[in-house]
């Protein structure tokens, strides 16, 4: 899985990085959860590369599809991911259940949690400005400190470069956390740019650019 895909709108892919770092939440983010934000409709990809094959496509029915290229020069793989959207206090959030990522990445159950929850959730914050989306991942180091300091209820499992954080609470408490605690990274958001192409046009353009760059 390439670097863009590890930082797109599926926060759990951070677990694939060297030094496994992740934060999962016990409950979804509040009760007002939507299955579509129409502003996402279209094709979104790396704003700085013509050969980067990873992208996100949200179709007219608001299906959230991750595009990736398992092998450079080969066809794109399309994987649909159930994604939910939450809007609160002028902020926008993505909510993804860890069970929704089966087929994209192999995730183990949350570390040190007994009994193992049926599912847990990953959050990201996003903002849309014209043809650009900025995504802010959860800052796991910061959340771990909040748990250790007793400001959040949960567990921290750290060994070497590995860090696994689990935040406990119900839906209302999750919403209160994002309202009152600085849990998201702010300095280096992931940026996606709208592509004025169909998925097929995008695939052909990427393959052509890859062939020319050999």
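Bear in mind that the values in this text are calculations on the coordinates, not laboratory data. These numbers come from a predicted model, not from an experiment. FYI the Cβ positions are ideal-geometry reconstructions off the backbone, even for glycines, and counts take in every protein chain you see.
Based solely on its DSSP helices, what 222 nm [θ] is calculated for the chain when runs of n ≥ 4 H residues each add -39,500 (n - 2.57) and the sum is averaged over all residues, nearest 500 deg cm²/dmol?
The helix-only estimate for the chain comes to -4500 deg cm²/dmol at 222 nm.
In degrees between 0 and 90, to the nearest 10, how far off the longest principal axis of the chain does helix 199-212 point, with axes built from Cα atoms?
Taking Cα atoms only, the helix is inclined about 70 degrees.
Treat the count of other C-beta atoms within 10 Å as a stand-in for reagent exposure and order 177, 128 from fewest to most.
128, 177
Gaussian network model of the chain, Cα springs within a sub-10 Å range: biggest mean-square fluctuation belongs to which of 129, 72, 142?
129
When the convex hull of the Cα atoms of the stretch 19-99 is projected onto a plane and the area is averaged over all directions, what value comes out in nm²?
Its average projected convex-hull area is 7.6 nm².
Mean separation of Cα pairs under 8 Å and 6+ residues apart, divided by the residue count of the stretch 5-212: what relative contact order is that in percent?
Worked out over the stretch 5-212, it gives 29 percent.
Which entry in (i) 15.6; (ii) 12.3; (iii) 19.5 matches mean projected area of the Cα convex hull in nm² derived from the coordinates of this structure?
Structure-derived value, by its label: (ii).
When DSSP assigns beta bridges and you keep just the ones with both residues in the chain, what percent turn out antiparallel, to the nearest 5?
That works out to approximately 90 percent antiparallel.
Enter the angle in degrees (range 0 to 90, nearest 10) between the Cα long axis of helix 171-180 and the first principal axis of the Cα atoms of the chain, meaning the one along which they spread out most.
Once rounded, one gets 80 degrees.
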